[in-house]
1. Are any residues in region 541-585 under 21 Å from Glu612 (Cβ atoms), at pLDDT 70 or above and surrounded by 16 or more Cβ atoms within 10 Å (Cβ to Cβ), and if so, which ones?
2. Would you call Leu257 closer than 22 Å to Gly364 by Cα and assigned to a strand (DSSP E or B)?
3. I'd like the full set of residues that are touching a Ser or Thr at 6+ places or on another chain (Cβ under 8 Å), in a loop (DSSP other than H, G, I, E, B) and either within 19 Å of Val585 (Cβ to Cβ) or not hydroxyl-bearing (Ser, Thr, Tyr) (or both), limited to region 627-648.
4. Would you mention how many residues in region 252-271 are without any contact (Cβ under 8 Å) to a residue 40 or more places away in the chain and either open to solvent by less than 70 Å² (accessible area, probe 1.4 Å) or in contact with a Gly (Cβ under 9 Å, 6 or more places away or on another chain) (or both)?
5. Report whether or not Glu107 is modelled with pLDDT under 85 and under 37 Å from the mean Cα position of the chain (by Cα).
6. Quick check on Ile143: is it β-branched (Val, Ile, Thr), in contact with an Asp or Glu (Cβ under 7 Å, 6 or more places away or on another chain), open to solvent by 40 Å² or more (accessible area, probe 1.4 Å) and at pLDDT below 75?
7. Of all residues in region 401-417 being touching a residue at least 40 places away in the same chain (Cβ under 8 Å) and farther than 17 Å from Lys375 by Cβ, which is most open to solvent (accessible area, probe 1.4 Å)?
8. Condition check: in contact with a helix residue (DSSP H, G or I) (Cβ under 8 Å, 6 or more places away or on another chain), aliphatic (A, V, I, L, M) and part of a strand (DSSP E or B). Does Ile525 satisfy that?
Amino acid sequence: RLERKWQAEDRDRGPSPADTEHQIAVADFVTRGYLRRRVPDEIEAVLATLDAGAMDLIRQSFEEQALGMQQFVEAIVRTGTYDADRIVAFIGGIVDLFLETLRSQAERATVGQTPGTVNWAQVMNHFIECPEIAMFEGSEGGILGTKVASSKDKQPQVQRNNFVDRAKHQSCGIEKIYWAPYVDTMITVEGNESVQFFSPHAPGLDAPRAVLTPELGPDFKDENDKPLYHVQAVAFDEELQDLAVVFSNRMLIMWRLRNREKCQWQQKRELQFDAYRQEIKGAQSAHWQVKLLTIDPQTGQDIHAKKKPDPETEGAMRKTLNETRLAEEAAVQLDIWWNTVLKCWITTDAKGQLSLWDLRVMEGAWLEAFVSPKKVLREHTRLVTSHLELNKNKFTTCSLDRSVVLWDHKNLVPEMKLHGGGAHSASVLSQAYLPRFNSLVTVACEKKVFVWTIDSTAYRGMKGKLSGHQGNVMRVSAGQRVFFTLDEAFIGILWDGATLASLQTISCATIVPRHCTCLPEHGTICLSGRRLNFVEGNEVAAEKLGKPLTKEQQANALNKLKEGASLKESAAPKFCGLADSRACVLSATEVEVRLHSRANPGSSRALFNAPEGEIISAFAASDSRSLSVFGTSKGAIHFIKYRSGFSMKMYPGKREGGDW
């Protein structure tokens with residue numbers, strides 16, 4: 001029926017037949033399946049989807065008349081702004097919005113208006129008087145997950161710090177950037193033959209901490225002594241302290257860390273990707289199998305290869321050269337990652353084939369002619385853009401083929417492939433994981449940010465689709481309790497990992513970043529484009545990013561926690577009630593007002609916290625107006641919305657040392 005409303009096919013359709021209505025009435029209600037989509041009681045979820053165009057369409061549906069509940073729902077559905085995967089929650093939110101408007105704006109109904117209907121003026125006045133959507137801020141206060149502006153809590157914010165990047169970057173921009181906490185440096189790939197290491201500490205830098213350029217012979221350079229290759233990707237093994245670098249000439253060169261403080265490295269091994277045909281029974285054509293050869297860094301030749309006789313004829317020579325060209329194309333690897341659980345390197349080619357390499361077998365005496373991959377994964381069909389370890393049991397990969405694949409570390413088989421059916425509709429570019437909330441965040445060439453729930457045992461479903469970007473999202477990076485997304489219009493958004501609420505939106509147009517990287521240990525976010533730039537979080541944001549607290553901050557936090565806990569536990573109760581129409585549970589004590597979830601009253605959030613030295617002395621609630629009214633010991637009177645905690649009006653009481 002929703003689809004027919006969207007297509008306007010129900011315009012001439014009469015009411016549903018009685019038998020159809022009976023089938024709907026007696027249909028089985030799968031509670032668990034619907035609850036997984038989220039309980040349909042959030043008006044804000046509906047308001048977040050309504051833009052100016054949708055509001056114009058809704059206004060046209062009123063046409064100077066009042067609408068009943070069915071007509072009101074149809075008017076919003078026809079805008080087409082709802083999420084097809086959240087129909088139950090969306091319809092529930094529209095019904096809640098209608099009932100809330102009907103109750104709060106009853107006195108503004110026109111003369112002769114049909115009971116149980118609302119007009120356009122009532123709807124707009126409700127939006128003006130009840131702007132809950134404008135004040136929702138992230139917290140970790142429970143499944144309702146919102147904090148109110150009236151609580152005056154310090155919110156996480158980031159701003160650009162005084163870091164100045166004066167280093168000379170040789171190329172047109174930073175193509176890839178990696179954060180290596182073990183050596184406390186940023187590793188950059190800039191489209192040239194070198195890997196550069198930069199320090200993230202302010203006030204800035206004049207040169208990189210270290211520059212790694214491979215020591216290769218003249219066969220790898222042109223007549224002007226310029227290299228004929230550039231860096232493709234980098235990965236770091238913290239256990240053996242090895243850095244693996246993939247080059248455009250199919251080279252894989254490894255460096256080992258020699259001095260951590262001075263960031264000194266030593267070139268350790270030179271390898272090269274190659275391929276050979278492998279006959280597969282039943283296949284129409286042979287399959288290319290990739291291998292790694294140990295080469296001479298001066299000549300670029302395989303040190304174990306035996307010299308082959310020259311072709312006898314021109315045709316044989318052409319065939320040999322063609323076979324060599326095809327093998328080189330099949331052996332090109334474009335990216336590399338290190339997997340700490342499997343203890344192997346993972347590379348990908350343009351067709352999305354993942355090759356797992358165990359190069360630790362080469363430690364010591366190595367007599368084999370080449371190294372074959374430990375395992376080859378062929379679930380993706382296009383280039384894999386990211387590999388991410390979630391925990392000791394799972395890892396994920398995303399690709400340009402619009403899919404996200406969840407893998408099992410033990411069996412190396414795909415447990416879940418997120419592709420189509422409400423998943424990404426464009427190439428997936430980046431991903432990040434927040435272990436504290438079991439949330440996997442993925443972004444693609446589209447404006448929405450997708451959040452999935454994946455714990456240590458299995459995939460649990462979609463958590464949400466976040467709207468807020470006006471351009472296609474390019475990158476995502478996560479701290480401990482927040483994550484940051486960046487779109488192609490150079491707009492960055494800081495999100496709360498617990499509530500998935502937008503905490504801050506910043507414009508980065510002046511620095512034109514292409515990548516964003518969270519540095520949890522420093523409480524900063526690196527925005528890299530032509531140069532390195534950093535935005536630094538305040539005390540709250542730095543803590544949410546993962547910056548360790550100082551001893552003084554830990555002591556202050558512990559004291560406040562003890563004081564607050566003892567005060568809340570000893571506070572006398574003032575009110576506890578159930579809203580007849582909304583089924584919301586509201587409670588109040590001398591120090592706070594809390595809203596409890598209707599499904600689980602144990603999950604709650606604070607709507608109001610009494611200021612220090614002041615207690616709540618009187619409390620009352622109005623269900624028809626969705627208001628809570630309470631007075632304090634110093635004579636202040638507060639009017640707040642009991643669902644959101646939005647402060648409608650506050651009359652101040654007696655000031656310290658002053659008169660009433």
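The values are calculated or read from the model by the stated rules, or taken from the named source; none is laboratory data. As the structure is a prediction and not an experimental result, all values here were calculated from the model. Counting neighbours? That spans all protein chains shown, and the Cβs are built from the backbone with ideal geometry, glycine included. Note: areas computed on protein heavy atoms with side chains; ligands, DNA, RNA excluded. Shrake-Rupley method; radii C 1.70, N 1.55, O 1.52, S 1.80 Å.
1. The answer is Ala571, Lys574.
2. Considered against the rule, which asks whether it is closer than 22 Å to Gly364 by Cα and assigned to a strand (DSSP E or B), Leu257 comes out as yes.
3. Tyr642, Arg643, Ser644, Gly645, Phe646
4. 4
5. Values: modelled with pLDDT under 85: yes; under 37 Å from the mean Cα position of the chain (by Cα): no.
For Glu107, the condition - modelled with pLDDT under 85 and under 37 Å from the mean Cα position of the chain (by Cα) - is not met.
6. For Ile143, the condition - β-branched (Val, Ile, Thr), in contact with an Asp or Glu (Cβ under 7 Å, 6 or more places away or on another chain), open to solvent by 40 Å² or more (accessible area, probe 1.4 Å) and at pLDDT below 75 - is not met.
7. Within region 401-417, the match that is most open to solvent (accessible area, probe 1.4 Å) is Arg402.
8. So Ile525 fits the description; yes.
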